[in-house]
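Every read-out reported here was derived from the displayed coordinates using simple, explicitly stated rules and does not represent laboratory data. All values reported here derive from a predicted model rather than from experimental measurement. When we count neighbours, we look across all protein chains shown, and the Cβ atoms used for this are built from the backbone with ideal geometry, even at glycine.
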Amino acid sequence: MKFQTRAIAVVLTTIIVALSCQAPSHAADKNDLFLRYRAFISPKYTPATNLAQNGPCTPKGKTPYRFSGDNRSWSATNPGARLDMVVLFDWSKKTAKVTYKFVGKTNRYKKVKGKWKFESQRQATGTFSAKTVRKDSKGALVEIALKAKNPFCNSTIKPIASKFVLRVEKKRVSIYAGSVRAVPSHEIYVKRQGKNYKTLKRVQSKSFSCLFTVAHCTTAPLTTQWVSY
């Protein structure tokens, strides 16, 4: 019995020593930055496609089709988005990483005898990235990118996409460079740990034709003034 007790004690001591030698996890720094980027379709449904547009994202034919939207206005936290990501900028290391990513499912509806009926649902895949491209004594430049395409559309339709460079300093942040096709609506928010999000940038959706490969659609700048966080 004494031997058993002594053996258990040795095992416990070994475990405690091993745990104490592990590298500590990153402790939250008051200067760490959280950035949330969301792209969303404000109406409950997209406009019904006309005959000229019926092919790229729907079966060819005379039947009108439309897609589900997110049915909301600007918000850092309300549900509903086509694309959604959160980036954490670790101030102590001046490094960035994607901590959350989401691509919404796409529902397609068709008009049957004057009424809209659910027809099909598909899940798109997206790509998300965040990396520090330059560090200095005051902060860093972080390149952020995300994109996903309507899974019903063919190659003549471009994906919803965004790519920009963020300038992060200890108490303020701005978008240093970048632009985006204004479809759908895009919104970017920033905050510190435990605080509420502040608006960094919003881009109102213009037209879904901006996603056509042959469309001449003016891009919207993403550059901003400094925002404290």
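Observations, loosely collected:
- Per-residue 3J(HN,Hα) values for the stretch 170-176, derived from phi via the Karplus relation 6.51 cos²θ - 1.76 cosθ + 1.60 with θ = phi - 60°, read 4, 10, 8, 8, 8, 8, 7 Hz in sequence order (x marks Gly and Pro).
- Each principal axis of the Cα cloud of the chain was evaluated for its coordinate range; sorted largest first, these ranges are 85, 52, 29 Å.
- In the chain, a dipole from Cβ-located charges (positive for Lys and Arg, negative for Asp and Glu) runs towards its positive end, and of I157, P184, N107 it is N107 whose Cα lies farthest in that direction.
- Amide H contacts of S120 (H built 1.01 Å from N, under 5 Å, at least 5 apart or other chain): R108
- Column: log10 I(q)/I(0), Debye, Cα scatterers of the stretch 51-174, q = 0.10, 0.13, 0.14, 0.20 Å⁻¹: -0.46, -0.67, -0.74, -1.13
- Residues in the stretch 125-140 carry Karplus couplings, in order, of 10, x, 10, 9, 8, 8, 8, 6, 9, 7, 10, 8, 5, 8, x, 7 Hz; the curve used is 6.51 cos²θ - 1.76 cosθ + 1.60 with θ = phi - 60°, and Gly or Pro positions show x.
- Nearest-ten-degree value, helix 2-20 long axis tilted from longest Cα axis of the chain: 50 degrees
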